[in-house]
Number of protein chains: 2
Amino acid sequence: MNISYIEHIGIAVKDLNKAIEYYEQVLGLKCYAIEEVKDQKVKTAFFQVGQTKIELLESTADEGPVARFIEKKGEGIHHMAFAVKDINGALSEAEKKGVQLIDKQPRNGAEGLNIAFLHPKSTFGVLTEFCEHPEK
Amino acid sequence: MNISYIEHIGIAVKDLNKAIEYYEQVLGLKCYAIEEVKDQKVKTAFFQVGQTKIELLESTADEGPVARFIEKKGEGIHHMAFAVKDINGALSEAEKKGVQLIDKQPRNGAEGLNIAFLHPKSTFGVLTEFCEHPEK
C-alpha cells in the first residue's frame, strides 16, 4: 500500500459557524471552502494546515453519521484520511489482510476526491479513510 | 498565532504491539521509534506519514489519561498537535481569547519537544496540543 501523507483530519462539530470562528480567530487558520456533501449528510469547512487539511463536519440530518457520532462520543475528531495513489489497490490489500471495509468500492467525496472508509472495528478504533486524487 | 503544520496525531490504543503490527503490516507505515513518556504515563510508537507523525499511545498506568480516555470513549484518536514557532506566545494568545489551558507553561514531551495542551472544553471537543521544536 502506498500512503503518501495525511490528506485530512475530520472533526465533528455541532455548530459549523462557531467552530470556524474558533479555528480562524483563535488558531489563525483560514477557512478556504465550505461544501455540502449530501451523500454523507454533512456540511464541511476546510482549512489547510501545511500538507494536511482540517475538515470540520456539521451534520445536516438528525440521523446522519456525524450526528450519531456526536450523540455517542461528543464533539471531537471523527476520522483520519490517508492520501493513497491507488485506492482500489489499497482497499483490496486491506481487505485481503483482514480489515472490514465500509466501502468496498470508492465513492465521491468532498473536493472531487475518490474516497472509501475502513471500519473502526478493524483499525483500533480509528475511522480511517483512503482518498485518491483522480487527476494524479 | 503561527501554526505551520500538524505535528502529530495521537491515537489511544490498548495494546501497542498489536496496533504497531496493523500500522506496519496493513498500512505499510514504518515505526521508527518507541518511547516512554513518564510524565504522561504512556508508551508511544511513532510513524512518519508525510509531514505529520502518527503517535500511538498505550497507557502505562490504570489511572493515566490515556487509560481514562479509552475507558470513556474507547480506542481512537486522542489528540491533535500543531507545530508552532513560539509556544509561549501561542499559549498566551489562546488564553487571552478565552481558551482554557491545561498547561499554562510548556513542558517536555516526546522527542524533546516543548508541548502544552488546550482543554477540549474550549476547542470543540478536540484535545489540542501545541508543539515547539526547541532548536528552531
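No value in this document is a laboratory result; all are computed from the given coordinates. This is a predicted model, so every value here is computed, not measured. A quick note on method: Cβ atoms are made from the backbone with ideal geometry, for glycine too, and the neighbour counts reach across all protein chains shown.
Let me test this: with uniform point scatterers at the alpha carbons of the stretch A:3-132, what is the Debye-based log₁₀ I(q)/I(0) at q = 0.21 1/Å?
-1.31
Give the long-range amide H neighbours of A:Ile102: residues separated by 5 or more places, or on another chain, with amide H under 5 Å away, using H modelled in the peptide plane at 1.01 Å from N.
A:Phe117, A:Leu118, A:His119
Test of the criteria: in the stretch B:38-136, which GluC sites (Glu not before Pro) are in a DSSP loop and have at most 12 other Cβ atoms within 10 angstrom of their Cβ? Mind dumping the intermediate values first?
Details: sites: B:Glu55, B:Glu58, B:Glu63, B:Glu71, B:Glu75, B:Glu93, B:Glu95, B:Glu111, B:Glu129, B:Glu132, B:Glu135; in loops: B:Glu63, B:Glu75, B:Glu135.
Here the sparse-neighbourhood loop sites are B:Glu63, B:Glu135.
Once the label point is set 7 Å along the Cα-to-beta-carbon vector, what list of distances in nm do you get between A:Ala33 and its counterparts in the other copies?
Distances to the matching label points in the other copies: 3.4 nm.
Long-range amide H contacts for B:Lys53: which residues qualify at under 5 Å (H placed 1.01 Å from N, peptide plane, sequence gap of 5 or more or a different chain)?
Those lying under 5 Å, H to H, from B:Lys53 are B:His8, B:Ile9.
Which ³J(HN,Hα) values, rounded to whole Hz and listed in residue order, are derived for the stretch A:16-21 from phi using the Karplus coefficients 6.51, -1.76 and 1.60 in 6.51 cos²θ - 1.76 cosθ + 1.60 with θ = phi - 60°, glycine and proline given as x?
4, 5, 5, 5, 4, 4
Looking at the calculated P(r) for the stretch A:22-84, what percent of the C-alpha pair distances fall above 18 Å? Intermediate values should be presented prior to the final figure.
Values: 820 of 1953 pairs.
Cα-Cα pairs in the stretch A:22-84 separated by more than 18 Å: 42 percent.
Between copies, how close do the B:Ala61 label points come, placed 7 Å along Cα→Cβ, listed in nm from shortest?
4.6
Could you point to the residue in A:Asn108, A:Gly125, A:Asn17 farthest towards the positive end of the stretch A:3-132's charge dipole, with +1 and -1 charges on the Cβ of Lys/Arg and Asp/Glu respectively?
Positive-end residue among those listed: A:Gly125.
Tell me what chain B gives for mean residue ellipticity at 222 nm when only DSSP H runs of n ≥ 4 count, each as -39,500 (n - 2.57), the sum divided by the residue total, rounded to 500 deg cm²/dmol.
Numbers: 3 runs with 25 residues, N = 136.
Calculated at 222 nm, the ellipticity per residue is -5000 deg cm²/dmol.
On a 0 to 90° scale, report how tilted helix B:87-96 is relative to the longest principal axis of chain B, with both axes built from alpha carbons and the result rounded to the nearest 10.
Roughly 60 degrees between the two axes.
Sorted from shortest, what are the nm distances separating the label point of B:Asp15 from equivalent points in the other copies, each placed 7 Å from Cα along Cα to C-beta?
Its label point is 4.3 nm from the equivalent points in the other copies.
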